[in-house]
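The values are calculated or read from the model by the stated rules, or taken from the named source; none is laboratory data. The structure displayed is predicted, hence computed values, not measured ones. Every residue, glycine as well, gets a Cβ built from its backbone with ideal geometry; the counts of neighbours run over all protein chains shown.
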Amino acid sequence: MSNTFPRVDGVLAVGGVPVDRLAARVGGTPFFAYDRDRLTARVTELRAALPAEISLSYAVKANPMPAVLHHMSGLVDGFDVASAGELQLAMDTTMPADRISFAGPGKTTAELVQAVAAGVTVELESITELRRVQDVSSDLGIQARVALRVNPDFAVRGAGMTLGGGAQQFGIDAEQVPSVLAELGDLDFYGFHVFAGSQNLRADSICEAQRATVELVLRLAAMAPTPVRYVNLGGGFGIPYSARDTALDLAPIGENLAKLVDTSLRQLDARVVIELGRYLVGEAGVYVTRVVDRKHSRGTTFLVVDGGLHHQLAASGNFGQKIRRNYPLTVATSAAATETVTVVGCLCTPLDLLGDKVELARAEVGDLIAIFQAGAYGLTASPTAFLGHPPPRELLVGATAHSLGEFKWRQ
Ligand SMILES: Cc1ncc(COP(=O)(O)O)c(C=O)c1O
């Protein structure tokens, strides 16, 4: 998986550049480095596995770094945003507004104004949100484009995080959808969105959810006031975070979608969307932090680093993990014989644990530790203000001609 990042002269490299050189370039540690070519490769791999009829939407929440978004805007077919802040970032890229959708509970009226003025699709999460969009639409004199986010009458098995089925703050319960459709008035009704779960490594359960979603959408489409032009099947594709995890097998998902596109979905003349965050960017990122202390306490060797959970909360196990497992990590600047150590961050809390009893090359003060799978839900999913340490740097690195300083004019 991610530990496939190569080494250059013994030092781990991102985008072809050794991380000690990246540290010098950005003015120190800690930092997040994202590999441009890995982002591109991931989208290419997905495109090859999924039928051509499937549109790929990137969920900006996974990694909203502007440079990443700009790169992604040239690779995917749409963006999913979850706040006016993300909307602003998405609108700064080349992604057309009509390929941006805004989902999420608790949209304020001010955010709805921004979304309608921007011309993006508002994914309605409740009947009251519908009424507020109608008011905004008539105040602005703009026909808002809306889709209904549906809370399905089924739940996905095997998802790390469930966002559909049962009682939810997300979406409109499937059984309430007919009455909401009847109240759409003169809004521009686009279609349906069902997002049932996240971080799923089981292709069979993703396929099952997709089939159930299509069935549900067809049932609801029959009650829609105008033809359905948009079917967002959600996503939930997971990535492996520990040695116990097996990478998701895309082949059955591609086959399942091809079957759905060729059969049931033929009945609709709709853009069919798969919406992914973590899967597109998670494995392309590395969090790099420096050892500032090495100490022994009652039989345990601790490596204390200058980063921690305030930058990379997920690696500490405190971002929705049911069972804490170490994220994959390595000593980026050493290939010495290994030892068992515990890697902790610099925050004065026992929660700041980055590697619990891990086998790593011996590291000294000054060495760099790299934590993999840091491209999604890293910096912006972390409590950066906690304890007042400085924020990390972020950079997007690619094997472009100038990444090692040897700039060459293109022929
Ligand atoms: C509506 C919606 N879309 C997309 C995502 C992205 O999920 P993931 O990063 O697991 O692909 C989420 C995650 O919570 C979501 O709620």
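How many residues are part of a helix (DSSP H, G or I) and under 24 Å from the mean Cα position of the chain (by Cα) if we restrict to segment 8-21? Give the derivation first.
Filtering segment 8-21 for residues part of a helix (DSSP H, G or I) gives 19-21.
Checking which are under 24 Å from the mean Cα position of the chain (by Cα) leaves us with 19.
Summing the residues that are part of a helix (DSSP H, G or I) and under 24 Å from the mean Cα position of the chain (by Cα) in segment 8-21 gives 1.
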_Filter result (touching an Asp or Glu at 6+ places or on another chain (Cβ under 7 Å) and farther than 23 Å from ALA284 by Cβ) within segment 335-388_ = THR338, THR340, THR342, VAL344, CYS346, ARG362, VAL365
*asked:* The conditions are (1) within 17 Å of the chain's Cα centre (by Cα); (2) within 16 Å of the ligand (Cβ to nearest atom), and LYS322 fails exactly one of them. Which is it?
replied: (1)
_Among the listed residues ARG266, ARG219, identify the single one that is away from the ligand (no atom under 16 Å from the Cβ), farther than 14 Å from PRO51 by Cα, outside the structural domain of LEU313 (by TED's automatic domain parsing) and not hydrophobic (A, V, I, L, M, F, W, C)._
ARG219
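Which ones in segment 325-345 are of a type outside the set (S, T, N, Q) and in contact with a Leu (Cβ under 8 Å, 6 or more places away or on another chain)?
Within segment 325-345, the subset of a type outside the set (S, T, N, Q) is 325, 327-329, 331-332, 335-337, 339, 341, 343-345.
Within segment 325-345, TYR327, LEU329, VAL331, ALA332, GLU339, VAL341, VAL343, VAL344, GLY345 qualify.
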_Can you go through ALA335, ALA374 and tell me which one is at pLDDT 95 or above, of a type outside the set (Ser, Thr, Tyr) and assigned to a loop (DSSP other than H, G, I, E, B)?_
ALA374
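From the list ARG149, ARG99, ARG202, ARG157, pick out the single residue that is under 30 Å from HIS70 (Cβ atoms), surrounded by fewer than 20 Cβ atoms within 10 Å (Cβ to Cβ), of a type in the set (Lys, Arg) and within 16 Å of the ligand (Cβ to nearest atom).
Numbers: ARG149 fails: surrounded by fewer than 20 Cβ atoms within 10 Å (Cβ to Cβ); ARG202 fails: under 30 Å from HIS70 (Cβ atoms); ARG157 fails: under 30 Å from HIS70 (Cβ atoms).
Of ARG149, ARG99, ARG202, ARG157, the one residue that is under 30 Å from HIS70 (Cβ atoms), surrounded by fewer than 20 Cβ atoms within 10 Å (Cβ to Cβ), of a type in the set (Lys, Arg) and within 16 Å of the ligand (Cβ to nearest atom) is ARG99.
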*Given the conditions (1) away from the ligand (no atom under 14 Å from the Cβ); (2) at pLDDT 95 or above; (3) closer than 24 Å to ALA174 by Cα; (4) in a loop (DSSP other than H, G, I, E, B), and given that GLY104 satisfies all but one, which numbered condition is not satisfied?*
(1)
